[in-house]
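Visitor: Questions regarding the structure given below will be posed in turn.
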Amino acid sequence: DSGVTQTPKHLITATGQRVTLRCSPRSGDLSVYWYQQSLDQGLQFLIQYYNGEERAKGNILERFSAQQFPDLHSELNLSSLELGDSALYFCASSVGGLENTEAFFGQGTRLTVV
Amino acid sequence: GEDVEQSLFLSVREGDSSVINCTYTDSSSTYLYWYKQEPGAGLQLLTYIFSNMDMKQDQRLTVLLNKKDKHLSLRIADTQTGDSAIYFCASRQRGGADGLTFGKGTHLIIQP
């Protein structure tokens with residue numbers, strides 16, 4: 001158990017809908033990262049938050065957004081969902097921001113868009 | 001941007017050593033990681049190495065880094081059936097502003 005908790009584990013929704021994925025980082029970790037894992041693209045970095053502020057952006061679509069709350073949990077919002085958004089979404093956390101060494105991953109949320 | 005490459009499959013006999021290879025393109029990569037993903041599970045951090053190191057050993061795992069060739073390898077000694085998983089190589093660039101860049105993963109298949 002990495003200490004990173006993601007909910008829900010599975011989510012099935014229809015095209016055009018909006019969903020929210022939630023992540024609780026390990027106790028004491030200030031950074032939260034979101035990744036998308038799909039068969040064709042592999043693991044792609046989406047976005048990072050550090051202590052409530054956006055720190056880095058990767059290949060995140062404009063239809064997607066995220067935030068980190070004062071208690072350091074994070075939510076990833078996916079809107080106007082398309083079939084191609086079906087993927088495993090991982091959250092990871094680490095103690096520091098830029099030069100941290102270890103990022104621990106949650107179990108992921110499997111999103112299926114039908 | 002950074003590109004991380006791995007071969008897709010590796011098949012080894014139980015008890016043999018497994019060597020999973022990875023190449024990366026960005027010479028400013030500061031940390032290099034190996035993650036393990038078992039079926040239906042998340043990513044488990046196995047080990048990582050700083051770019052100023054050549055080797056790191058942790059029980060059955062040995063990581064070798066050839067910085068000149070931008071080549072990273074993970075050796076698993078005495079491979080067991082429980083080692084069957086997908087192994088991901090990942091790199092972090094200096095500053096780490098782009099998160100981790102992952103390879104596509106190597107499926108390690110253990111033959112009895």
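The values are calculated or read from the model by the stated rules, or taken from the named source; none is laboratory data. What you see is a predicted model; the values in this text were computed from it and never measured. Cβ: placed from backbone, ideal geometry, glycine included. Neighbour counts: every protein chain shown. Accessible surface is based on the protein model in full, side chains and every heavy atom, while ligands, DNA and RNA are left aside. Shrake-Rupley method; radii C 1.70, N 1.55, O 1.52, S 1.80 Å.
Visitor: Looking at (1) open to solvent by less than 50 Å² (accessible area, probe 1.4 Å); (2) more than 25 Å from A:R55 (Cα to Cα); (3) of a type in the set (S, T, Y), which is the only condition B:Y48 fails?
Guide: Against the list (1) open to solvent by less than 50 Å² (accessible area, probe 1.4 Å); (2) more than 25 Å from A:R55 (Cα to Cα); (3) of a type in the set (S, T, Y), B:Y48 comes up short only on (2).
Visitor: Here is a list of conditions, (1) open to solvent by 30 Å² or more (accessible area, probe 1.4 Å); (2) away from chain A (no Cβ under 13 Å); (3) part of a strand (DSSP E or B); (4) not polar (S, T, N, Q), and B:L74 meets all of them except one; can you say which number that is?
Guide: (1)
Visitor: So, one more: When you scan the range A:64-110, how many residues do you find that are part of a loop (DSSP other than H, G, I, E, B) and either buried (at least 20 other Cβ atoms within 10 Å of the Cβ) or in contact with a strand residue (DSSP E or B) (Cβ under 7 Å, 6 or more places away or on another chain) (or both)?
Guide: So the count comes out to 14.
Results for (1) more than 9 Å from chain B (Cβ to nearest Cβ); (2) hydrophobic (A, V, I, L, M, F, W, C), shown as yes or no for each residue.
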site	(1), (2)
A:Y35	no, no
A:E53	yes, no
A:Q67	yes, no
A:L76	yes, yes
A:E82	yes, no
A:E102	no, no
A:T109	yes, no
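Visitor: Looking only at the range B:6-62, filter to residues that are under 16 Å from B:S84 (Cα atoms), hydrophobic (A, V, I, L, M, F, W, C) and more than 14 Å from chain A (Cβ to nearest Cβ); which one of those is nearest to the chain's Cα centre (by Cα)?
Guide: Filtering first and then ranking leaves B:I20.
Visitor: Return the total of residues in the range A:15-45 being in a strand (DSSP E or B), touching a residue at least 40 places away in the same chain (Cβ under 8 Å) and not small (G, A, S).
Guide: Residues flagged as in a strand (DSSP E or B), touching a residue at least 40 places away in the same chain (Cβ under 8 Å) and not small (G, A, S) within the range A:15-45 amount to 12.
Visitor: Can you name the residue in the range B:102-112 that is farther than 19 Å from B:T47 by Cβ and modelled with pLDDT under 95 and, of all such residues, is nearest to the other protein chains (Cβ to nearest Cβ)?
Guide: So the residue we want is B:K104.
Visitor: Quick one: in the range A:2-14, which of the residues that are open to solvent by less than 40 Å² (accessible area, probe 1.4 Å) and outside any strand (DSSP E or B) is farthest from the other protein chains (Cβ to nearest Cβ)?
Guide: Of everything passing the filter in the range A:2-14, A:G3 is farthest from the other protein chains (Cβ to nearest Cβ).
Visitor: Going by what's in this entry, would B:S91 be described as away from chain A (no Cβ under 14 Å), within 15 Å of the chain's Cα centre (by Cα) and either open to solvent by less than 10 Å² (accessible area, probe 1.4 Å) or at pLDDT 95 or above (or both)?
Guide: The answer is no for B:S91.
Visitor: Kindly indicate whether A:Y50 is within 11 Å of the chain's Cα centre (by Cα) and closer than 21 Å to B:L100 by Cβ.
Guide: Spelling it out, it is not the case that A:Y50 is within 11 Å of the chain's Cα centre (by Cα) and closer than 21 Å to B:L100 by Cβ.
Visitor: Looking at B:G99, B:G82, which is the one that is assigned to a loop (DSSP other than H, G, I, E, B) and either open to solvent by 30 Å² or more (accessible area, probe 1.4 Å) or within 14 Å of chain A (Cβ to nearest Cβ) (or both)?
Guide: Just a single option satisfies the conditions, and that option is B:G99.
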